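The values are calculated or read from the model by the stated rules, or taken from the named source; none is laboratory data. Only a predicted model underlies this, so the values are computations on that prediction, with no experimental measurement involved. Cβ sites come from the backbone with ideal geometry, for glycine too, and all protein chains shown count toward neighbours. Just the protein is used for accessible areas: all its heavy atoms, side chains included, with ligands, DNA and RNA removed. Shrake-Rupley method; radii C 1.70, N 1.55, O 1.52, S 1.80 Å.
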Amino acid sequence: AAATKYFRLLLSLLKNILDMEENKHKVLALKYRPKNFKELIGQDIMVETITNSIKLNKLPNAYLLTGIRGVGKTTTARLIAKALNCNKNFLKEENCDCNHCEEISHSKHLDVLEMDAASKTGIDDVRELIESSKYNPTNAKYKIFIIDEVHMLSKQAFNGLLKTLEEPPPHLKFIFATTEVKKIPVTIISRCQRFDLHRVSVENLFNNLKEILKRENGKISDNALKLIAKASEGSVRDSLSLLDRALVSQFVTKDEINEKFVRKMLGIADRSKILELLNFIFKGDQNKSIEQLREMIDEGLDPTNFLNDLLEVINIMLHKKSLGKLELDLSVSESEINIINIISKDVSVSTLIIFWQFIIKGIGELSIVSNPVLSLEMLILRLLHLKDMPSYEAILDLVKKNNLNDQNMDDLDKKNLKDNLNEINEASKITRNQIKNTTQEKIKLESLAKTNLQDTQKKTISTFEDLIKLSSLKKEVELKYDLERNVNLI
């Protein structure tokens, strides 16, 4: 018994040494892959739902895990497989070392098949799965098929899965993982229990990176870790990959990695320089704005990253103008808050919104122009001219004033026109009396004059609209057309 105990202890020690040697050469994303649901960060609601269903033994036929890259879809699939097949109580054990959990972690379990749908997309591959699903598991409780990137399956392959998904054998479970759930047919989605894995917050990523940094004995400043957490865009795997890159340089130089080094590594401009550039733009200083931009370009600035950072600063300013709270934002330091307060003090919200629209348009132009530096310089020049553009309210007030002046002028013109028409009527009366008293004119001329006078008496033109109506009554179509479209009163 003592020899057996000693032999087991020796095997355990040898296994730990081999694991340590293996972990030395692993990237951080694989080395620190979560081994239980407690280590899975940023997905608390999903973890609670899945663990409760396992505890109550109310298991769906198939799980569908969706989300962006690096948030834990494949990891969650393996954790579900462990929880369903564990010999012990996986949900309570922090690090279960049973055979099933160990083999699933290394993708060596006979009853847990991981399939990459990107390389096996056809109906023949799915037909093999369906045929093998008829047989009971060899030594586990459930036979589990984990299909990664399931949206890459063909239409025929999806149709081949429908019947098995709806009425699977009691020993069979499917776990699907995808980044593009919209490409999956609705008939498949309706047969699965869907779980959306959300982007991990910057705060959770920062805490996770700090914990891993302690285990790796690395020296990276907190500001640099915050920048890495923010640059990963909610992806845990991306954050660990960036941390891996930074640690390689730190182990070589033996110096602490600071924020400046990380910005150069990622091609991200220093936010203080972006704020300084915006300050020059708001002041209308064209020379200093272009000089500041060229200085950042010489430091290895990436145009797309720069414009995205510029959008982020504009968004922070809008939040400051609208909400007035920046202290709770982990990505903004105290010194940057002070600079933003000073810059945004004399800038209107409408100006910031216009800047946002033009910067987004500038991002689209980067793919059109062969030299992106030219696009950046032209964008800065446009922003400089946009700064002095009048606000929407000022333009409306100006239009209203012009309308009022035009209305006053119209009233004056109508009055003058009415007075002129009255004078014409008086003159026509005098002329008519003279014609009546004259006997030397011919009868034809007299009758024609009478007809014209009668028409003038009957149709008195007091407004411009009356003139148009008169031309319509007299069937003067061309005159009416010109009056309506080509003539206006001054």
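Obtain the nm distance between the two label points defined at THR460 and LEU10 by a simple spin-label model: each point lies 7 Å from its Cα along the Cα-to-C-beta direction.
If labels sit at THR460 and LEU10, their model points lie 12.9 nm apart.
Loop only per DSSP, at most 11 neighbouring Cβ atoms within 10 Å: give me the GluC sites (Glu not before Pro) in region 73-123, ordered by residue number. Please report the intermediate quantities before stating the final value.
Values: sites: GLU93, GLU94, GLU102, GLU103, GLU114; in loops: GLU93, GLU94.
Sites meeting the loop and neighbour criteria: GLU94.
How high is the FRET efficiency between ILE353 and SER119 when r is their beta carbon distance and R₀ equals 45 Å, given to the nearest 0.05?
0.45
Would you mind checking which residues have amide H under 5 Å from VAL112's amide H? H placed 1.01 Å from N; only 5 or more apart, or other chain.
Amide H neighbours of VAL112: ILE144.
Once you've got the Cα coordinates, tell me which of LYS182/LYS273; LYS260/LYS283; LYS55/LYS134; LYS35/LYS143 are over 32 Å apart. Provide the component values of the computation, followed by the final result.
Values: LYS182/LYS273 40 Å; LYS260/LYS283 27 Å; LYS55/LYS134 26 Å; LYS35/LYS143 20 Å.
Beyond 32 Å: LYS182/LYS273.
Pop the C-beta distance of LYS31 and GLU131 into the FRET formula with R0 = 35 Å and round what comes out to the nearest 0.05.
Efficiency, from the Cβ-Cβ distance: 0.40.
For LEU311 and SER154, calculate 0.36 nm times their separation in residues minus their Cα-Cα distance, and state this gained length in nm to one decimal.
Numbers: separation 157, 0.36 × 157 = 56.52 nm, distance 3.93 nm.
Answer, rounded to one decimal: 52.6 nm.
If you stretched the chain out fully between ASP302 and ASP346, how much longer would it get, using 0.36 nm times the residue separation minus the C-alpha to C-alpha distance?
12.9 nm
Quote to one decimal, in nm, the extra length available between GLU233 and ILE490 on full extension: 0.36 nm per residue of separation minus the C-alpha distance between them. The partial results should precede the final answer.
Details: separation 257, 0.36 × 257 = 92.52 nm, distance 6.18 nm.
Extra length available between GLU233 and ILE490 comes to 86.3 nm.
What list of ³J(HN,Hα) couplings, whole Hz, do you get for region 158-175 from phi and the Karplus terms 6.51, -1.76, 1.60, once you set θ to phi - 60° and write x for glycine and proline?
My calculation for region 158-175 gives 4, 5, x, 7, 4, 5, 5, 5, 6, 10, x, x, x, 8, 10, 9, 10, 10 Hz in order.
Considering only C-alpha atoms, what is the centroid distance from region 72-109 to region 248-308, in Å?
45
Which percent of the accessible heavy-atom area of region 205-278 goes to carbon and sulfur, probe 1.4 angstrom?
The computed percentage sits at 46.
I need the phi-derived Karplus couplings for region 305-311: 6.51 cos²θ - 1.76 cosθ + 1.60, θ = phi - 60°, integer Hz, Gly and Pro marked x.
So the Karplus estimates, Gly and Pro as x, are 4, 4, 5, 5, 5, 5, 4 Hz.
What is the distance, in nm, between label points placed 7 Å from the Cα along the Cα-to-Cβ direction at HIS385 and at LYS254?
Inter-label distance under the simple model: 5.7 nm.
When the convex hull of the C-alpha atoms of region 49-162 is computed, what volume per residue in Å³ does it have? Don't skip to the end; give the middle numbers.
On the way: hull volume 13.7 nm³, N = 114.
Given the Cα convex hull of region 49-162, per-residue volume reads 120 Å³.
Sorted by mean Cβ packing within 10 Å, highest first, what order do the peptides 238-245, 34-41 take?
238-245, 34-41
Leaving out ligands and nucleic acids, note down the accessible area per residue over region 83-191 with a 1.4 angstrom probe, in whole Å².
For region 83-191, the solvent-accessible area averages 55 Å² per residue.
Set the Förster distance to 22 Å, then compute FRET efficiency between LYS163 and THR49 from the Cβ-Cβ distance, nearest 0.05.
Numbers: r = 27 Å, r/R0 = 1.23.
It comes to 0.25.
Check which residues have an amide H placed less than 5 Å from ILE220's amide H, if you skip close sequence neighbours.
It is ILE257, by chain and number.
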